[in-house]
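Please treat every number below as a calculation from the coordinates, not as lab data. All of these numbers come straight from a predicted model, not from anything done at the bench. Cβ coordinates were reconstructed from backbone atoms using ideal geometry, including for glycine residues, and neighbour counts include every protein chain displayed.
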Amino acid sequence: MLEVSNLHVRYDDLEAVKGVSFNVRGGEIFGLLGPNGAGKSSILKAIMGLVNYEGEIRLFGREITPEMKNEIGYVPEEPILIETLTPAEFFEFLASVRGKGCEKAKKLVKVFGLEEFVNKPIATLSMGNRKKVSIVSALMHDPKFLILDEPLNGLDARSSRILKEIMKKHVEGGGAILFSTHIMEIAERLCDRIAVLSEGRIIAMGSLEELKSVAKVEGSLEDVFLTLVGGEDLEEIIDAIS
Amino acid sequence: MRSLRELWKISYPLYIDTFLGEFAHRRVKNLERFLKGIRRQAIINKLIISALLVTTGVYSASLSAIDVSAFYLMTLFVVTFFFLHTMTTFVSKGFEILYTLPLSEEEIAKVRLFAFLRIFDVPLFLLTLSFPIAMAVFHGVLSFFPSLVCIISVETLSLWLSLKFAKFFYERISYSTSSPLATVLRIVTYLAWSVAVFGAYGISSMLSVLSKLKGYERLVYEFSFLFPFNYAIISMGVPDPTALATSVPFVILSVFAARRCVDLVRCEARIRIPTSEKFEIKKTGVVMAFLKKDVKMITRNPGLMLIVFLPVGEGLLLGAISMNPTISLMIVLGYLPIVTFVSMGIERRDLLATLPVRRRDVILSKTLLGCQIYLISTFLLMLKSSIPILLFPSVFAMFVISSTMAESLEATKNIYASIGPVLLVIGLSYLVAYIPLMFGFVAKFLGRSVVLSILIPALVEMGVAIVILSTL
């Protein structure tokens, strides 16, 4: 569904992504896992056209055009919203621009418990509710491909559970999800394949079993991850703290 | 218990946060530079208003009693309305951060009050100091104390009015329901507000004129704010009992206003916005969606609204007086590029990048918004002359070209940092708008048809604009 080849993202002198290549297949959740500053968000932003990049990004075998954004749902780490509008007005704007999504937005507002806040200005909403508005706006037009950047950050337990269920249903229906997180347990439970990023490069990629064999580690994803990104000194640090 | 000095210091970040709130619609790359600019702008704003109030006050004190009254009235209007958008942000804030600090309820109340006073501190301090001194210099030492009471009364009334208006704006206007009626109400209120601000000067002048008319003198005395008080001081040298007595209600009102003001600011936490659980999500066309969004964003921000309504206020004012309609139209056209900068400036590029939207639709929506502003601005002029109608295609072209250029040159990102592109956009806008008028002037001079001389180049420009739109 999505093919990324030799992707480079630069911010002035800093090269945040250094020649990353991967693909996301239909019916799978592909996780981008890495420490802070590894380049996860930059990859997602490049796919959405939010930052300049070098390399090739193809969705459904074609370069991403503005019209194709109707097939993508994007939840950024920091919600991109219009502060002076209410959620209802914001969803109405999005539905009008995309030409669909009114009914689904109404359903999702109820599912995520946003009814109480739907007529309040977005600027006055809490971080969690802003995140929910961002999630509804990414799902309301039934996109085939979801790009989720730390989507569970700031969500309450109920909403987290709902989103995870939605993600599962989405891939069961043939859709695909590119998912960035730094929470190992979530990646382990949700992702079919994972790319481990460090300093802008993919250092390992595959299913959890494949990663274990690459890292030559038995145990959880956290153990695999720490081995891959160089967390050998962690035990020493923990000892020093205690 | 912390000292008042410490609490005053603590209130500074809250004040800056309030001032910053007015710029919430902007996305900035260099936050540090942006914050520096905001602090500088807060000081400049205060200095401008201080200079206006102090110089007008001292000048009025050197004139007659009626001029001093006119000055009181002007001060009331200026202080009430000049800071209204900052005040609207202030009342919208709960300042919850204060409750996380080791401060008592009483200290929090004081910090809130200080943050409120910081909005007005320099102008009101300078005015309170300079005006009574000027009165003492021009009308004798005896006038110092009464004029001090007068000016403090005016100031407290202004603060109270400003707070009340700000609450009204926030609760009923800025964030009222999203129905078309609410939007119309917002626009009408802002228009009334603009008229009130501009009208302050008109009323001041009218007061002087009315006082000179036979039969109206008494009326002016009775209804002009604090007039009896200062009339007595200036005209008779010593305050006479009748004049003092008629001033007492004003002073009582200002004491009440001061107490209400302090209570409101100290005790009131975040103002609740009325909400309803019912909501509708209705689809419209893409262009209409952008247009509706822009109107909501602009009408909910008093600062942006005032800028966008500059051509409207100017156009209606010029249309109401008997000035040459073509000259009036040229003045209105001079303001129109502002609309482009505001409408393009509020667009979030990061949001646009995630949507299946074509540039053409965005530019067309900005053009239609600009055309609407033009039609409202020139409504009265159209009743006097056909030229504003003939020029409409040219105005359409001007908005298409200026919006396209502003977007391509990123002229709205940071107006101060990209002065070159800004001037280029303004220059080209003027060129497009004024060319048909120039043809009209030449035709009039040569005795040819003015209508065709304006309409033909305007239509050609519109044709070019449509071609540009179709290529986007």
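With charges set only on the Cβ (+1 for Lys and Arg, -1 for Asp and Glu), what does the dipole of chain A come to about its Cα centre, in debye to the nearest 20?
On the way: 29 positive and 38 negative charges, 263 e Å.
My answer is approximately 1260 debye.
Between B:Arg358 and B:Ala320, the modelled label-to-label distance comes to 4.3 nm, taking each label 7 Å out from Cα in the direction of the beta carbon. Projecting the Cα atoms of A:Leu50, A:Pro66, A:Ile183 onto the charge dipole of the range A:2-241, computed from C-beta unit charges around the Cα centre, puts A:Pro66 farthest toward the positive end. Using the alpha-carbon atoms, what tilt in degrees (0 to 90, nearest 10) does helix A:87-98 show relative to the longest principal axis of chain A? Approximately 80 degrees, to the nearest 10. Each Lys or Arg adds one and each Asp or Glu subtracts one; over the other residues with Cβ under 11 Å from the Cβ of A:Val17, this totals +2.
For A:Ser198, nonlocal amide neighbours, meaning residues 5 or more places apart or on other chains whose placed amide H falls under 5 Å from its own, are A:Ile203.
Residue by residue, the range B:56-64 carries 3J(HN,Hα) couplings of 5, x, 5, 5, 4, 4, 7, 9, 8 Hz when phi is fed to the Karplus relation 6.51 cos²θ - 1.76 cosθ + 1.60 (θ = phi - 60°); x denotes Gly or Pro. Here the label points at A:Asn153 and B:Glu106, each 7 Å from Cα along the C-beta direction, are separated by 4.3 nm in the simple model. The simple Förster model, with R0 at 35 Å and r as the Cβ-Cβ distance, assigns A:Lys169 and A:Asn6 a FRET efficiency of 0.55. The gain in end-to-end length when the B:Leu428 to B:Leu63 segment is fully stretched comes to 126.7 nm, 0.36 nm per residue minus the alpha carbon separation. Which net charge results when you count Lys and Arg as +1 and Asp and Glu as -1 among the other residues whose beta-carbon is under 15 Å from that of A:Asp156? Value of the local net charge: +4.
Could you size up the charge dipole of the range B:342-408 around its Cα centre, putting +1 on the beta carbon of Lys and Arg and -1 on that of Asp and Glu, and report it in debye to the nearest 20? Don't jump to the answer; show the numbers that get you there.
Details: 7 positive and 4 negative charges, 13 e Å.
Result for the range B:342-408 is approximately 60 debye, rounded to the nearest 20.
Proximity of backbone amide H atoms, modeled 1.01 Å from N, is registered between A:Gly19 and A:Leu7, A:His8, A:Val9 at under 5 Å, excluding neighbours fewer than 5 places apart on the same chain.
Can you give the FRET efficiency to the nearest 0.05 for B:Leu253 and A:Ser126, using r as the Cβ-Cβ distance and R₀ = 35 Å? The formula returns an efficiency of 0.30 here.
How high is the relative contact order of the range B:286-471, given as a whole-number percent (alpha carbon pairs under 8 Å, six or more residues apart)?
Values: 222 pairs, mean separation 45.7, N = 186.
Relative contact order here is 25 percent.
Kirkwood hydrodynamic radius for the range A:114-162: how many Å is it when counted over pairs of different Cα atoms? It works out to 11.7 Å. Between A:Tyr11, A:Ala123, A:Leu33, whose Cα lies farthest towards the positive end of the dipole of chain A when Lys and Arg beta carbons carry +1 and Asp and Glu beta carbons carry -1, centred on the Cα centre? Farthest towards the positive pole: A:Ala123. Listed cross-link partners A:Lys168/B:Lys366; A:Lys45/B:Lys46; A:Lys131/B:Lys293 are compared with a 30 Å cut-off, the Cα-Cα value being larger for A:Lys168/B:Lys366; A:Lys45/B:Lys46. So which of A:Lys144/A:Lys169; A:Lys40/A:Lys169; A:Lys110/B:Lys278; A:Lys106/B:Lys282; A:Lys144/A:Lys164 end up more than 18 Å apart by C-alpha? From the list (A:Lys144/A:Lys169; A:Lys40/A:Lys169; A:Lys110/B:Lys278; A:Lys106/B:Lys282; A:Lys144/A:Lys164), the Cα-Cα distance tops 18 Å for A:Lys40/A:Lys169. Farthest towards the positive end of the charge dipole of the range B:286-471, among the residues B:Gly440, B:Leu375, B:Gly319, is the Cα of B:Leu375, using unit charges on the Cβ of Lys, Arg, Asp and Glu.
Within chain A, the longest run free of exposed loop sites, counting GluC sites (Glu not before Pro) that sit outside DSSP helix and strand states (H, G, I, E, B) and have at most 13 other Cβ atoms within 10 Å, spans A:1-217.
Across the range A:68-74, rounded Karplus estimates of 3J(HN,Hα) from the backbone phi angles (6.51 cos²θ - 1.76 cosθ + 1.60, θ = phi - 60°) give 6, 5, 5, 9, 10, x, 10 Hz, Gly and Pro being marked x.
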